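Engineer: First the structure, which I've put down as structure tokens, then a few questions once you've had a look.
Since every read-out is calculated from the coordinates, none of them should be taken as a lab result. For clarity, every value in this text was computed on a predicted model and none was experimentally measured. Virtual Cβ from ideal backbone geometry, glycine too; neighbours counted across all protein chains shown.
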Amino acid sequence: MRAPKRIAFYGATMLWTLMMSAPGPVHGQSVAAPPSASTNIASPVSYTARIPQTRYEVGAGKPFEMRVDVSPAALPPGAFVTVNLERLSGPGGGRVDSLSGLPETRITCSVPGTYRLMVRVALMSKGSCGGIAADTLLESEIVVEAR
């Protein structure tokens, strides 16, 4: 029974010794911070997004599709586009449901009235250090008249 505890103790001691003997900064010396993951997609191509139509007349409770064009259409490996909606104003008790997608996002306004929605389109990619990078491509307001 004693052997496993002794092996674990020696293993921990060896690991601590190796870590403490690794080269490090001398007292009073500054260390340069590692380069942080950029919030820009690592690509020589500049991406843009646009919404061809910003006013809609639809039936209340009936889904409609809002088109979002991203240019160029070919995205970098591992990247994807998100389309988020925020209700800025609308009729009391009115709800906005959406199913994001490219090139079309499906939107449903629950009750009759005029809805003002903020549309945010972002290009998402995996950062080099395990995080995620997001570039906002578009922030635009649309108006939906639900009848």
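Engineer: Are there trypsin sites (Lys or Arg not before Pro) in segment 95-125 that DSSP marks as loop and that have at most 16 other Cβ atoms within 10 Å, and which are they?
Structural biologist: For trypsin sites (Lys or Arg not before Pro) across segment 95-125 that sit outside H, G, I, E and B with at most 16 neighbouring Cβ atoms in 10 Å, the list reads Arg95.
Engineer: For a distance above 24 Å, tell me the whole-number percent of Cα pairs in segment 48-146 that qualify.
Structural biologist: 27
Engineer: What is the extension gain from Arg50 to Glu86, computed as 0.36 nm multiplied by their sequence separation minus the C-alpha to C-alpha distance, in nm to one decimal?
Structural biologist: 11.3 nm
Engineer: Among Leu137, Leu102, Leu88, Leu123, which comes first, second and so on when ranked by fewest other beta-carbon atoms within 10 Å?
Structural biologist: Leu88, Leu102, Leu137, Leu123
Engineer: Something else now. How high is the relative contact order of segment 48-146? Use alpha-carbon pairs under 8 Å, at least six apart in sequence, and give a whole percent.
Structural biologist: Computed value for segment 48-146: 34 percent relative contact order.
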